[in-house]
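**Q** Dumping the structure here so I can ask a few things about it.
The values are calculated or read from the model by the stated rules, or taken from the named source; none is laboratory data. None of these values were measured; they are calculated from a predicted model. Here the Cβ is made from the backbone with ideal geometry for all residues, glycine too, and neighbour counts use every protein chain on show. Accessible surface is based on the protein model in full, side chains and every heavy atom, while ligands, DNA and RNA are left aside. Shrake-Rupley method; radii C 1.70, N 1.55, O 1.52, S 1.80 Å.
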Amino acid sequence: MNLHEYQGKEILNTFGVRIQRGIVADNHKGAVDAAKQLTAETGTEWYVVKAQVHAGGRGKGGGVKLAKNLEEVETISDQIIGMNLVTPQTSAEGKKVNQVLIAEDVYYPGDSEPEEYYMSVLLNRATGRNMIMYSTEGGMDIETVAEETPHLIFTEEIDPLAGLQPFQARKIAFNLGLSGAAFKEMTKFVTALYNAYVGIDASLFEINPVLKTSDDKVLAVDAKVTLDDNALYRHKNYAELRDLREENPIEVEANAAGLNYVALDGNVGCMVNGAGLAMGTMDLIKQAGGDPANFLDVGGTADAKRVETAFRIILKDPKVKAILVNIFGGIVRCDRVAQGIVDAYKNMGDDINVPLIVRLQGTNAKEAKELIDASGLAVHSVVEFQEAADKVQEVLS
Ligand code: GDP
Ligand code: MN
């Protein structure tokens, strides 16, 4: 689960990570109130208006702007709230902005050398350990740094039993070229950041930039926080941080129905059991020259109710021009799945308005095919995997 910048920063703050402070608002009047309150709390005179969407690169897309007085806060907020923000990390249509964060300007005017660093905490899946990735080249996209100057990216792996050691925090501050008060500030920052990562069961922190001000404060100016979904049950209070407006509505509905669904760009709807077979099915569709519209693992039980729910979800995507059902009957018997498909189809009638290709293999596959063929429904029943993919191409052409 992804969090907004303002939510991530609030959590970091509770763990003692210094942050650029801000108050969120969902309209331009509220933005002005937020700015006034922020000045009362921090004394700031300038503000940064920051679009809150689940995508990075907002600055490049015009979603992060400096405001030097309350009038500018109002006009800029009015302009950003409601806009479709297009960044290098969104689709071409962009993401609708519902909220802005009114943040204190932490880049002091006339500051000769504000330093921006990059820092992330994430799981290194190869070693099974958390690591801190950091660089002196903050503020720009880390992908470019990785490509052009990979020697400027450092990593520090953390032993899961021992935790982050003080010498590791010092090494990070040293590699970032810090000394004196800034050095101490950075070791505190890194330690608090790592504690937060472990404490909330995060799967990713990305703080870009981490800012060192000219008076040697170290703080998080941005925060991308992803929580580990598998650990959410341990943090029930975080459920309210979920912003469904940021997610694909069909995925939200599918997940609520207990289906493992991921929307894609193609036109072939897929209904498959098992994640591995689903991946294989998508590959085969691609190889045959097609393009999958989704990944969908219906799981172990494929009864009529579940099949119908899956069909309805697949068909919500207007790009879908054909549906391929590819089910392997291991524990679940193919004839039961076939009966589920027939019942669902009969129940849905004209709601199924695209060709349906069904491949059922495994236990009772023969009975399943007979059942479908005898149903009189307009279903293309096939046996071989390749045949299924080719049939999809045939009905689409
Ligand atoms: P992103 O573009 O989505 O990564 O959003 P960020 O929160 O990283 O902000 C983008 C850029 O805005 C940063 O790299 C900074 O250069 C700039 N920025 C952020 N906060 C401030 C601020 O308080 N003052 C000034 N002058 N610039 C800021
Ligand atoms: Mn950033």
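**Q** Is it the case that GLU253 is more than 24 Å from MET133 (Cα to Cα) and open to solvent by 70 Å² or more (accessible area, probe 1.4 Å)?
**A** Yes, satisfied.
**Q** While we're looking at this one, here's another question. Of (1) open to solvent by 60 Å² or more (accessible area, probe 1.4 Å); (2) within 16 Å of ligand 2 (Cβ to nearest atom), VAL121 satisfies all except one. Which?
**A** (1)
**Q** Still on this model: At pLDDT 95 or above, buried (at least 20 other Cβ atoms within 10 Å of the Cβ) and more than 16 Å from ligand 2 (Cβ to nearest atom) - does that describe any residue in the stretch 229-250?
**A** No, every residue in the stretch 229-250 fails to be at pLDDT 95 or above, buried (at least 20 other Cβ atoms within 10 Å of the Cβ) and more than 16 Å from ligand 2 (Cβ to nearest atom).
**Q** Among the residues of the stretch 105-115, is any in a strand (DSSP E or B) and touching a residue at least 60 places away in the same chain (Cβ under 8 Å)?
**A** Yes, the conditions are met somewhere in the stretch 105-115.
**Q** Give the stretch 184-231 a look and list any residue that's among the small types (Gly, Ala, Ser) and either within 15 Å of SER120 (Cα to Cα) or within 10 Å of ligand 1 (Cβ to nearest atom) (or both), or say none.
**A** Matches in the stretch 184-231: ALA192, ALA196, ALA202, SER203, ALA220, ALA223.
**Q** Let me ask something else about it. Could you tell me whether the stretch 153-167 includes any residue that is in a strand (DSSP E or B), aliphatic (A, V, I, L, M) and either within 14 Å of ligand 1 (Cβ to nearest atom) or on the phi < 0 side of the Ramachandran plot (or both)?
**A** The answer is yes, given that some residue of the stretch 153-167 is in a strand (DSSP E or B), aliphatic (A, V, I, L, M) and either within 14 Å of ligand 1 (Cβ to nearest atom) or on the phi < 0 side of the Ramachandran plot (or both).
Quick grid of which residues meet (1) at positive phi; (2) touching a Ser or Thr at 6+ places or on another chain (Cβ under 6 Å); (3) in contact (Cβ under 8 Å) with a residue 24 or more places away in the chain:
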| position | (1), (2), (3) |
| --- | --- |
| GLN20 | no, no, yes |
| VAL24 | no, no, yes |
| ASP33 | no, no, no |
| GLN37 | no, no, no |
| GLU45 | no, no, yes |
| VAL48 | no, no, yes |
| ALA51 | no, no, yes |
| GLY57 | yes, yes, yes |
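**Q** Could you list, in sequence order, all residues of the stretch 28-45 that are part of a helix (DSSP H, G or I) and open to solvent by 30 Å² or more (accessible area, probe 1.4 Å)?
**A** Once the filter is applied, which keeps residues that are part of a helix (DSSP H, G or I) and open to solvent by 30 Å² or more (accessible area, probe 1.4 Å), the stretch 28-45 yields HIS28, LYS29, ASP33, LYS36, GLN37, THR39, ALA40, GLU41, THR42.
**Q** For the stretch 271-294, name all the residues that are part of a loop (DSSP other than H, G, I, E, B) and either without any contact (Cβ under 8 Å) to a residue 24 or more places away in the chain or of a type outside the set (A, V, I, L, M) (or both).
**A** Passing the criteria: ASN273, GLY274, GLY289, GLY290, ASP291.
**Q** Please return the ranges of strands (runs of 3 or more DSSP E) entirely within the stretch 295-397 where 1 or more residues are of a type in the set (Ser, Thr, Tyr).
**A** 379-382
**Q** Related question: Would you confirm whether any residue within the stretch 94-109 is open to solvent by 60 Å² or more (accessible area, probe 1.4 Å) and among the acidic types (Asp, Glu)?
**A** Taking every residue of the stretch 94-109 in turn, none turns out to be open to solvent by 60 Å² or more (accessible area, probe 1.4 Å) and among the acidic types (Asp, Glu).
**Q** Also, I was wondering about something else. Across the stretch 205-218, which residue is nearest to ligand 2 (Cβ to nearest atom) among those that are open to solvent by less than 10 Å² (accessible area, probe 1.4 Å) and at pLDDT 95 or above?
**A** If we take residues in the stretch 205-218 being open to solvent by less than 10 Å² (accessible area, probe 1.4 Å) and at pLDDT 95 or above, then ILE207 is nearest to ligand 2 (Cβ to nearest atom).
**Q** Mind checking which residues of the stretch 65-93 are open to solvent by less than 20 Å² (accessible area, probe 1.4 Å), in contact with a helix residue (DSSP H, G or I) (Cβ under 7 Å, 6 or more places away or on another chain) and either in a loop (DSSP other than H, G, I, E, B) or within 14 Å of ligand 1 (Cβ to nearest atom) (or both)?
**A** Passing the criteria: ALA67, VAL73.
**Q** Would you point out which residue out of VAL383, VAL332 is open to solvent by less than 50 Å² (accessible area, probe 1.4 Å) and either modelled with pLDDT under 95 or outside the structural domain of ARG306 (by TED's automatic domain parsing) (or both)?
**A** VAL332
**Q** Just for the stretch 1-27: of the residues that are under 21 Å from GLU247 (Cα atoms) and assigned to a strand (DSSP E or B), which one is farthest from ligand 2 (Cβ to nearest atom)?
**A** Among those that are under 21 Å from GLU247 (Cα atoms) and assigned to a strand (DSSP E or B), it is ALA25.
**Q** Would you confirm whether or not the stretch 46-64 contains a residue that is within 24 Å of ASP243 (Cα to Cα), open to solvent by 70 Å² or more (accessible area, probe 1.4 Å) and either in the same structural domain as ILE200 (by TED's automatic domain parsing) or within 16 Å of ligand 2 (Cβ to nearest atom) (or both)?
**A** Scanning the stretch 46-64, I find at least one residue that is within 24 Å of ASP243 (Cα to Cα), open to solvent by 70 Å² or more (accessible area, probe 1.4 Å) and either in the same structural domain as ILE200 (by TED's automatic domain parsing) or within 16 Å of ligand 2 (Cβ to nearest atom) (or both), so the answer is yes.
**Q** Are any residues in the stretch 158-183 aromatic (Phe, Trp, Tyr) and either closer than 15 Å to VAL218 by Cα or open to solvent by less than 80 Å² (accessible area, probe 1.4 Å) (or both), and if so, which ones?
**A** PHE174, PHE183
**Q** Tell me, please, whether a residue that is within 13 Å of ligand 1 (Cβ to nearest atom) and either of a type in the set (A, V, I, L, M, F, W, C) or in contact with a Pro (Cβ under 8 Å, 6 or more places away or on another chain) (or both) can be found in the stretch 21-33.
**A** Among the residues of the stretch 21-33, not one is within 13 Å of ligand 1 (Cβ to nearest atom) and either of a type in the set (A, V, I, L, M, F, W, C) or in contact with a Pro (Cβ under 8 Å, 6 or more places away or on another chain) (or both), which makes the answer no.
**Q** Sort through ALA223, ALA196, ALA192, ALA202 and tell me the only one that's open to solvent by less than 30 Å² (accessible area, probe 1.4 Å), within 16 Å of ligand 2 (Cβ to nearest atom) and touching a residue at least 60 places away in the same chain (Cβ under 8 Å).
**A** None of the others qualify; the one that does is ALA223.
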